[in-house]
1. Near K208, which aspartates and glutamates are there with a Cα under 17 Å away, not counting those fewer than 8 places off in the same chain?
2. Share of antiparallel DSSP beta bridges in region 130-227, in percent to the nearest 5?
3. Hey, what angle do you get for helix 240-252 against the long axis of the chain, alpha-carbon based, 0 to 90 degrees rounded to 10?
4. So for the pair E42, E100, with labels modelled 7 Å out along Cα→Cβ, what separation do we get in nm?
5. How big is the charge dipole of region 2-252 about its Cα centre, in debye rounded to the nearest 20, if each Lys and Arg gets +1 on its Cβ and each Asp and Glu gets -1 on its Cβ?
6. Give the cross-link partners of K2 among the aspartates and glutamates, using a straight C-alpha distance below 20 Å as the criterion and excluding same-chain residues fewer than 8 apart.
7. Scan around F28 for amide H atoms under 5 Å from its own, H built in the peptide plane at 1.01 Å from N, and keep only partners 5 or more places away or cross-chain.
8. Give, in nm to one decimal, the length gained when the segment between M190 and V146 is fully stretched (0.36 nm per residue of separation minus the Cα-Cα distance).
Amino acid sequence: MKIVVIGGTGLIGSKLVKNLRERGHEAFAAAPSTGVNSITREGLAEALDGAAVVVDVANAPSWEDQAVLEFFQTSSRNLLAAEAAAGVRHHVALSIVGSERLPDNGYFRAKVAQENLIKASGIPYSILRATQFFEFVGGIAEAATVGEELRLSPALIQPIASDEVAAALTEVALAAPVNGTLEVAGPEAMPLDELVRRLLRATGDTRKVVADVHAGYFGSVLDDQSLTPGQSPRLGTIRFEDWLAQSTAAAGN
Ligand SMILES: NC(=O)c1ccc[n+]([C@@H]2O[C@H](COP(=O)([O-])OP(=O)(O)OC[C@H]3O[C@@H](n4cnc5c(N)ncnc54)[C@H](OP(=O)(O)O)[C@@H]3O)[C@@H](O)[C@H]2O)c1
């Protein structure tokens with residue numbers, strides 16, 4: 001089966017393309033660097049020719065509120081129109097657990113807009129919402145830095161290894177469309193301040209992490225439900241501590 005992965009050269013996309021090829025499918029990594037641009041539509045019709053499934057794991061180059069909204073809206077509109085023309089039978093997209101619960105966050109608003117366009121498109125679809133990737137925790141830490149301190153909410157977060165997001169997405173792409181939303185999360189929920197403290201400890205970063213219930217997460221105040229999954233998520237098995245040990249060892253080699 002031909003499967004086009006929009007954003008197929010990125011963190012998740014490259015793992016997904018590899019998984020799909022290992023299962024014997026013709027997976028095409030579509031991205032500006034491979035001649036396919038979902039904003040300008042360059043190469044899009046050609047890439048989608050003969051495709052049964054499109055998986056959208058593209059990401060915006062700028063996360064500024066208006067820029068990120070325009071990226072996900074324009075990209076989704078262009079993709080869905082090209083898919084309708086090409087007769088694509090399943091649109092799969094990767095979104096974020098809790099997007100609608102943090103309307104103060106411009107990135108999350110853009111993901112909700114992307115989801116709404118997909119739901120209204122008439123193309124059979126599956127949306128997989130993942131929690132934050134382990135690889136993203138460093139970015140959370142940097143965004144929380146105030147001088148020599150990091151101020152973080154102690155609200156629960158349940159991050160996941162990107163390998164396990166790609167594995168879940170592989171299953172979703174190869175299954176029938178659910179015309180709904182599925183969730184995937186890591187095996188353990190923990191306070192956000194503690195998660196970042198563990199990262200700093202593992203990387204020898206001596207800065208102080210301060211728990212603060214009012215500390216914003218990219219502009220939003222969190223509670224224990226903001227970033228954690230609902231009733232029946234698919235759960236990964238890789239624990240943050242084990243991933244940290246492995247990735248810091250790999251970085252040392
Ligand atoms: N970070 C998290 O914790 C998290 C959690 C849940 C869900 N997500 C979602 O996961 C998805 C994938 O994230 P990621 O970290 O794997 O992204 P990433 O590593 O930044 O990769 C982004 C991909 O998008 C491609 N791209 C950029 N502009 C494009 C365009 N105009 N047309 C086509 N492709 C374009 C890039 O291509 P080039 O390499 O050519 O630039 C690259 O292949 C995102 O939609 C994000 O919202 C993220």
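1. Of all the aspartates and glutamates, those that pass the test against K208 - Cα under 17 Å, at least 8 places apart if same chain - are E142, E148, E149, D193, E194.
2. Values: 5 of 12 bridges.
Here the share of antiparallel DSSP bridges comes out near 40 percent.
3. 90 degrees
4. With each label point 7 Å from Cα toward Cβ, the separation is 3.7 nm.
5. Details: 21 positive and 30 negative charges, 93 e Å.
Around 440 debye, computed over region 2-252.
6. E22, E26, E42, E46, D49, D56, E83, E171
7. Amide H to amide H, under 5 Å and 5 or more residues apart or across chains, F28 pairs with I3, V4, V5.
8. Separation in residues times 0.36 nm, less the Cα-Cα distance, equals 13.6 nm.
The values are calculated or read from the model by the stated rules, or taken from the named source; none is laboratory data. This structure is a prediction, so every number in the text was calculated from the model and none was measured. Positions of Cβ are generated from backbone atoms using ideal geometry, with glycine treated the same way; all protein chains shown enter the neighbour counts. Just so you know, the surface numbers come from the protein's heavy atoms only, side chains and all, with ligands and any DNA or RNA stripped out. Shrake-Rupley method; radii C 1.70, N 1.55, O 1.52, S 1.80 Å.
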